[in-house]
Amino acid sequence: MTLLGMDAAHPRTRGVAFVALILLLLQLSACGKPETPTPTLAPTPTFPPPTPTPLGGARFMAYQTDRDGNWEIYLLDLISWQEYNLTQHPAEDRNPAWSPDGTRIAFESNRDGNWEIYLLEMGSGEVTRVTENLAFDGAPAWSPDGRRIALESYRDGNWEIYLYALDAGQLTRLTDDPAGDYGPAWSPDAEQIAFTSWRDGDKEIYAMDAHGSNQRNLTNFPGDDEYPAWSPDGQKLAFVSSRDGYATEVYLMGTDGDDQTRLTRDDVNDWGPTWSPDGQEVICASYNKGEPFEVYHEYRGGHYDLKTVNVAHGEATALTLSEGHESDPMMTSQPIDLADRVPAPKPAPPTPVLVSLPEENDGLYELVALPGVTGGNTHVNDRVDDSYNALRAAVYETTGYDYLALISDATRRIDFQRTLYSYFSWHKTGRAIDLRFELMDENGEQRLEWLREDIGQEVYWRLLIKCAAQDGSQGEPLKKRPWRYWWHIVQDADPEGYAQGGRLQPVPDGYYEDFTALADRFGWERIATYNEEDYNWRRDSNGVEYWHYQRMDGLTWYEAMREVHPQEALDEYFTWEIGKDLGFSDELLERKGIPRSEE
């Protein structure tokens, strides 16, 4: 599909032109806006600092974090507890891997327009590109002698494991299977490489000799198993599995696949394990739900933190606690000279909530039309239109599709109530949008995919867009299986799948952009499905809500309503007495910010 008269074969040229167009629209739409009022700030919330713990001989931990607005490689000094941003680049830098002597870090980055492997010299800070192919190259893993790097690559049209010899500059393919193979991990004796493969229909942990022979399935379990990590003594493997549900946990097993036991026991995802040098601790990313979930399932700013788990008794201790996502930790016991490096600033507390209202327009923010957007009601709160337009430009630049030019709906009337669950709809605040349900290209192919994510007792959807450019210059290949909803299933042909709301599908080929992650960077959050007895996504497609995104900025629902509705209207529809008469609990009314009536 060609958009705005631009050629879909040249996404970067199109992206620059489109961003310029959006900026022009922003300037035009800003004309006549009242000046931003001086905010009145609510008290700054506090949260406890992370508690440092000994990590069995580890001196430093490298990891990836998006706390600065993009993925960067950070270093944590496990004695001083200082953190350092090692990459400091506007592109995405991820998946750090220490060289055995601690002098270099290999990582993946799209700083040159596509995903490649790079080396960072710890002494000088110099960054050198290792691979040279437009297709995705990532997940570097050093050999114990420091002379080779195993990596995953999509250069042959699917995930395969390759071996790069640093001295010779030679790349050798180790796996050759129509199914995906990714995530290599060297054994400490350099004799074996473990990896993830879905050649048996689901994800399994495989191992092979270091030159690619003797490939064998270690896990042999119906659930998905992935991301192996060798213990320092080479006697165990840690890995991630969803065998006990949709959430992922960390498991341990022997190197021949025996004695598979669960290490973490959470109702949220645990991810990306690595070992402490003495083998007594496993460090991984663990999902932090953020604030407690409301009945109506706002996302509430959850994120991944790093924690360490004692292998003997399972006790977990937090290592990091920022508001960003942090994952892929890697430990080293080697000394590093940090004399010339400036520590990164400590993570700031959550942004204080703006609770003031403008003096103009009777103390209300206007509902403004989104420039160039069509569909249903396209008006939003004046405080969120700029972020929507910026997100729209970013989606176009990264996917080649102007997905946000057409929406299903935005602001709704204050008295709108299709069901009782829409009584507290964020659409009424002017801070919510419903995306279009499909995105079809010129060949009639659906460009959207949906990943199911279970967080606690809630079900969320991660929305993906298949990019216009499929050469590696946009997006990245998938490693997770998308969901096929029940309305796409013939009930008589698959009654079980129909009844449970759908089924996982094979991982599709191609490059995708994570819309949900991109939206989060611009402040737009998803919500959960409705899973109530009288309103269940498995029976009512309206309850799926994969299309709904909202920008809350830390406000309660009632505070957000006060920005755009006069007090007399709120008093007519939303009082404590009305809420109680409708059957809402005191807890819910308090969390929505409904003021209690004076006795």
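Before moving on, here are some points about what is shown:
- Looking across the range 312-322 at every residue that is assigned to a loop (DSSP other than H, G, I, E, B) and surrounded by 17 or more Cβ atoms within 10 Å (Cβ to Cβ), the one that is nearest to the chain's Cα centre (by Cα) is identified as Ser322.
- Of the set (1) assigned to a strand (DSSP E or B); (2) surrounded by fewer than 22 Cβ atoms within 10 Å (Cβ to Cβ); (3) not acidic (Asp, Glu), all apply to Phe195 but (2).
- Extreme residue, farthest from Leu370 (Cα to Cα), among residues of the range 397-450 that are assigned to a loop (DSSP other than H, G, I, E, B) and among the small types (Gly, Ala, Ser): Gly444
- Within the set Trp186, Trp198, the sole residue that is out of contact with any helix residue (DSSP H, G or I) (no Cβ under 6 Å at 6 or more places or on another chain), closer than 30 Å to Arg452 by Cα and among the aromatic types (Phe, Trp, Tyr) turns out to be Trp198.
- Condition met for Ile117 (hydrophobic (A, V, I, L, M, F, W, C) and part of a strand (DSSP E or B)): yes
Residue-by-condition table, conditions (1) closer than 29 Å to Asn288 by Cα; (2) assigned to a loop (DSSP other than H, G, I, E, B); (3) modelled with pLDDT under 95:
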residue	(1), (2), (3)
Pro178	no, yes, yes
Ala185	yes, no, no
Arg199	no, yes, yes
Tyr206	no, no, no
Pro222	yes, yes, yes
Ala229	yes, no, no
Leu237	yes, no, no
Gly245	yes, yes, yes
Val250	yes, no, no
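- From Leu555, Leu464, residue being more than 24 Å from His379 (Cα to Cα), aliphatic (A, V, I, L, M) and in contact (Cβ under 8 Å) with a residue 24 or more places away in the chain: Leu464
- First in the range 510-523 and within 21 Å of Arg383 (Cα to Cα), second anywhere and modelled with pLDDT under 95 and not in a helix (DSSP H, G or I), Cβ under 6 Å, 6 or more apart: Thr516/Arg526
- Residues that are buried (at least 16 other Cβ atoms within 10 Å of the Cβ) and under 19 Å from Ala285 (Cα atoms) are absent from the range 118-136 altogether.
- Residues that are closer than 14 Å to Ile105 by Cβ and either among the basic types (Lys, Arg) or buried (at least 16 other Cβ atoms within 10 Å of the Cβ) (or both) within the range 72-88 comprise Glu72, Ile73, Tyr74, Leu75, Leu76, Tyr84, Asn85, Leu86, Thr87, listed in sequence order.
- Criterion (among the small types (Gly, Ala, Ser) and more than 26 Å from the chain's Cα centre (by Cα)) met by exactly one of Gly169, Gly183: Gly169
The values are calculated or read from the model by the stated rules, or taken from the named source; none is laboratory data. All values derive from a computational prediction rather than experimental measurement. Because the Cβ atoms are built from the backbone with ideal geometry, glycine has one as well, and the counts that use them run over all protein chains shown.
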